[in-house]
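Just below is one structure, and these are the notes that go with it.
Every number here is computed from the coordinates shown, using simple stated rules; none is lab data. Because the structure is predicted, anything quoted here is derived from the model rather than measured.
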Amino acid sequence: FLCMGGASCVMKETLTSDVDRVMATMTRLPVGGRLHFTNALLIASLALSYRSNPRAEKRIVAFVGSPILEDEKAMEKLAKKLRKDDVAVDIISFGGIAVSYTHLTLPTKRIV
């Protein structure tokens, strides 16, 4: 469980299948700060190498509640790296959709 907002990205919970631990961690998440989207996805892709079943599909689910203000080059570089590492990313954006839409669709248009 990784928190993308605030002063920096912070790992709040390690990889676990315990739903109660995840829900308890979600209640203590701070709201606010700047979104560090590319850094968070890089940290999450590193965390995938320490999972219990290394043969399972690599997938990151990101819940984004703030506008993504990263530059296009950083987003394209991140998308290429995740594609090379065979990591699937699901992004659920529920805030700042008009601003984030171009950033979220850009990597799929250029790489696919």
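Figures for the structure shown
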read-out	value
Amide H contacts under 5 Å for Ala62, placed H, 5+ residues apart	Asp90, Ile91, Ile92
Cut-off under 5 Å, modelled amide H: who pairs with Gly33 long-range	Gly6
Under 15 Å from Lys58, Cα to Cα: aspartates and glutamates that are on another chain or at least 8 residues apart	Asp85, Asp86, Asp90
